[in-house]
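Let me begin by presenting the structure, written as structure tokens, before commenting on it.
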Amino acid sequence: MSVNQTIEVAPAPRTLGTRLRGLAGHRAVWPLLALALILAVNGLVSPGFFSIRVVEGRFFGSTIDILYRAMPTAMVALGMAVVIGSKGIDLSVGAIIAICGATIAWRIHAGDPHVVVLLWALGAGLLCGLWNGALVALLGIQPIVATLVLMVSGRGIGLMINLIYGGTNPSFESPFLQSLSVGHVGLIPTRLLLGAASFAALWLLLRRTALGLFIEAVGGNARAADLAGIGSRLVTYSAYLISGLTAGWAGVILTADTHISDPVSQGLYIELDAILAVVIGGGSLAGGRIHLGMTVIGTLIIQALATLILTSGVPPEYNLVVKAVVVLAVLLLQSDDARAALTRRNRARGSLGGGSPGGGSPGGGSPKGGRRR
Amino acid sequence: MTSDQPPRVELVGISKAFAGVPALDRVDFTLHPGEVHALLGENGAGKSTLIKIMTGALAADAGEMRLDGRAVAVGSTAEARALGISTVYQEVNLVPTLSVARNVTLGREPRRFGLISWRAAREKARARLKRLSLEIDVERALGSFPVAVQQLVAIARALEEDSRVLVLDEPTASLDAQETRLLFRILRDLKAQGMAVVFISHFLDQVYEISDRISVLRNGRLVGSAATAALPQRELITLMLGRELERVEQRAAAAPKAAGAPVLAAEKLGRRRWIEPFDLVLRAGEAIGLAGLLGSGRTETAKLIFGAVRADSGRLTLDGAPLGHASPRRALRRGIAFCPEDRKAEGLVLDLSVRENILLALQTKRGWLRPLPRDEQRRLAEAMIEALGIATSDAEKPVGQLSGGNQQKVVLARALASKPRVLVLDEPTRGIDVGAHAEIVALVRRLCAEGLALLVASSELDEIVAVSDRVAVLRDRRIVGEIAGAEITRETIIELIAGG
């Protein structure tokens, strides 16, 4: 293995310039590597992890399961990536999910056609985005405070919606909504198709119009963006609308799965996983860049890790700490500073030990340091 | 007079560069005890870098600092304080909700058995304020006092018992005339006690009132240092505005061109506490210079014309039709483009690529629903890189990695890419090297010849003389004169600035 490493690593030290130019490429390398590593360990821990069978007319297997479970978080994280790109943050996404769930149960009990219920739910998400956007973009409240308002009040709003027709945690039946969430089209789970379609739609919205560029410009330097004629208020507003809509969409999937409106715990702490996914995907909380694809990778890392912890036989009491440690490792792996520090130590060790393979190659130690983990 | 005494602080051959761009180039600076030494220069001249080196906030790349004849290495602001060098920065770094006593002693509270002794803190605060002849209730919240008192509290906080040097960065910026008098009285007291004071200000009359000696920085170099009494105001202005373009050819034809049709006209345009109402007409193929000292209203005029700041009186007309209320977006859509003075804070999005930065204004003009096709984006970026000679390995490089001169060209490229009829340039050559400087001046002249209406605000007098067909001269936020053609010389402009 050490031979392989040396061969693979050899081109890296060539110049610093190539490394800088390939920064975009590098950004993708580390999260992908982390995902591959976690999946590989999964494969070692549980034999048959990578096998995909057809059961009851649909794909079945651990990897499919990871995608399936990751989809709602991925939707939320995509919206979060947009908001973070605008130099904001949206803490209210979990609460938006709760509101959407309550809205669905309410409208189904009210007897609306279920397609209309879907529109109600998405509309509720959009309305939440409208509220957040108004606080941040129009009133100029700091995003973390502004979205905290809805984060705190949203679950209460969900409970109040339940009160409209006098239920506590009212359940419902909706073949249509359930088919969106837990059904399958051909061999493929419907929600994966919907997730892919939503991703494509969001990508088109950001990258095939100038909206993505405008959001990134506002997130990078709002004053400069304003002087370049980009109305930074409207652009910021749009980011919260997108986040509200994607959270609403995740709310539909999650609520249709459990078919119950449970505002207290539905989507609890999902905002934290979403923020984590964006950051693991290489997004900076300082704003200025949106990485949609990498955000999905970040979500998959979190989900694959959750699966690994469950199947590895680590006592459940250790779960959260193990998760935190692995996440920290992934983040360190991504950090140029941390890798540089690792390189220096490796190099120092190499020069002391003398014969350590590749230890003397300048700049080549960092990928190795990562891979050795 | 005071120069007979040995100097308190000597800076010898100080150089400092940021990312390869020199901010200070072999600067010498000497400060005597009992002297108020004014440090002058335009934005970016290197004043604050020099101060930061003196007070330990920055380390010099080269040069030596001596304190009372002894070489010292000031590694941090704390070390500087221990050496008796106290600084009050431009923004008052105090907490308005805390009491005066707490503000004065913040971070250095007197302790008793490891706990803060509030009684001792109050005593300490009173003693320090007394040194500035300021007797106020130290238990009241700082925010409840006028700004002048807050400024004095900041000075009291900065002054240790053994302070020997006091650095004041624009201390009078937010003070009115009476408050300034109070501050100056205290400065004279301190001076009499042997304090050496560095005084940074852009108010020339205040400099003449309080300072014993004046040093002028320009583009990172010390261009002059003289006793205040021996430096007439006109000479000082000449020093400050400099002669950077000596090697660049002067304007070919001094005779006024046949000016084109008026494009953009300001009628009694003004904004309270920003700029006095003014009239200004921009014509196609004509370059108008805005000359004046720092704080005279150059940037303010430029921003009002572009619409970055809304006017509260008068109006702007484009081709004779009123422009309505101004905004950058509206201005761009109507063919008015702007390159701001501070390219890092207001010009560029540093994380975005050269291509994306160049694209921004044109894309705004088209609206977000009509994105410029990727191929056209690339063509545009490459054409601009070629036309302006932007030194970058490729168009996808984050613009933050470019040198200052090339960043400036990207700002210019963005404005030009939006195909403007009117171009407003604020300090188009700030902080860039001489080569790039000449290129940009040549480019501005070419654009003008191609029929663009230009407005160029600059602190470099020779730049103004080189590019302008007409010059509006500003003093104290007012246009005090307009000259054209053969009248445009350094001398006439300085005369107008000095109020002659």
Inter-chain Cβ neighbour average for residues B:320-332, partner chain, 10 Å: 2
Exercise: per-residue mean of other protein chain Cβ atoms within 10 Å, A:226-238: 6
FRET efficiency estimate (nearest 0.05) - Cβ-Cβ, residue A:260 to residue A:127, R0 22 angstrom: 0.50
Relative contact order of chain B, defined on C-alpha pairs under 8 angstrom at six or more residues apart (%): 15 percent
Point-charge dipole on Cβ atoms (K/R +1, D/E -1) for the protein assembly as shown, about Cα centre, debye to 20: 1260 debye
Size of the B/A contact, given as accessible area buried on both chains, probe 1.4 Å, in Å²: 2000 Å²
Average accessible area per residue (Å²) across the stretch B:249-498 - probe 1.4 Å, nucleic acids and ligands excluded: 39 Å²
Cα-projected label distance for residue B:378 with residue B:12, points at 7 Å along beta-carbon direction, nm: 5.8 nm
Space enclosed by the convex hull of the alpha-carbon atoms of the stretch B:9-243, per residue, Å³: 130 Å³
Loop-located GluC sites (Glu not before Pro) in the stretch B:59-96 whose Cβ has at most 11 other Cβ within 10 Å (DSSP): B:91
Residues of the stretch B:340-369 buried by at least 40 Å² on assembly (accessible area, 1.4 Å probe, chain alone as reference): B:346, B:349, B:351, B:352, B:356, B:360, B:364, B:368
Surface/4 of the Cα convex hull for the stretch B:385-432, nm²: 3.6 nm²
Mean shadow area of the stretch B:412-500, taken as a quarter of the surface of its Cα convex hull (nm²): 6.3 nm²
Point-charge dipole on Cβ atoms (K/R +1, D/E -1) for the stretch B:249-498, about Cα centre, debye to 20: 1100 debye
Compactness index (Cα Rg / 2.2 N^0.38 Å), the protein assembly as shown: 1.12
Accessible solvent surface per residue of the stretch A:242-283, calculated while the other protein chains remain in place, 1.4 angstrom probe, Å²: 28 Å²
Loop sites in the stretch B:358-423: GluC sites (Glu not before Pro), DSSP, at most 16 other Cβ within 10 Å: B:396
Heavy-atom accessible surface of the stretch A:59-332: percent carbon and sulfur, 1.4 Å: 73 percent
R0 of 35 Å, Cβ-Cβ distance residue B:193-residue B:273: FRET efficiency to nearest 0.05: 0.45
DSSP H segments from chain B that extend 18 Å or more along their own axis, Cα-based, with Kyte-Doolittle mean of -1.0 or above: B:177-192, B:354-366, B:374-388, B:404-417, B:434-449
For the stretch B:1-127: Kirkwood Rh in Å [reciprocal of mean 1/r, alpha carbons]: 16.9 Å
Largest-first principal axis extents, alpha carbons of chain B, Å: 73, 50, 46
Candidates per chymotrypsin sites (Phe, Trp or Tyr not before Pro) in the stretch A:69-133, loop by DSSP, up to 10 other Cβ within 10 Å: none
For the stretch A:59-332, the spread of Cα positions along each principal axis, largest first, Å: 53, 45, 37
Span from the the stretch A:170-189 Cα centroid across to the the stretch A:47-86 one, whole angstrom: 16 Å
Rounded percent of accessible protein surface that carbon and sulfur make up, the stretch B:9-243, 1.4 Å probe: 50 percent
For residue B:497, net neighbour charge (Lys/Arg +1, Asp/Glu -1) across residues whose Cβ lies under 12 Å away: +2
Extreme residue, positive dipole direction of the protein assembly as shown, given options B:420, B:223, A:242 (C-beta unit charges): A:242
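The values are calculated or read from the model by the stated rules, or taken from the named source; none is laboratory data. The model shown is predicted, which means the values in this text are computed figures rather than measured ones. Positions of Cβ are backbone-derived with ideal geometry, glycine not excepted, and every protein chain shown enters the neighbour counts. These accessible areas exclude ligands, DNA and RNA; they are computed on the full protein's heavy atoms, side chains included. Shrake-Rupley method; radii C 1.70, N 1.55, O 1.52, S 1.80 Å.
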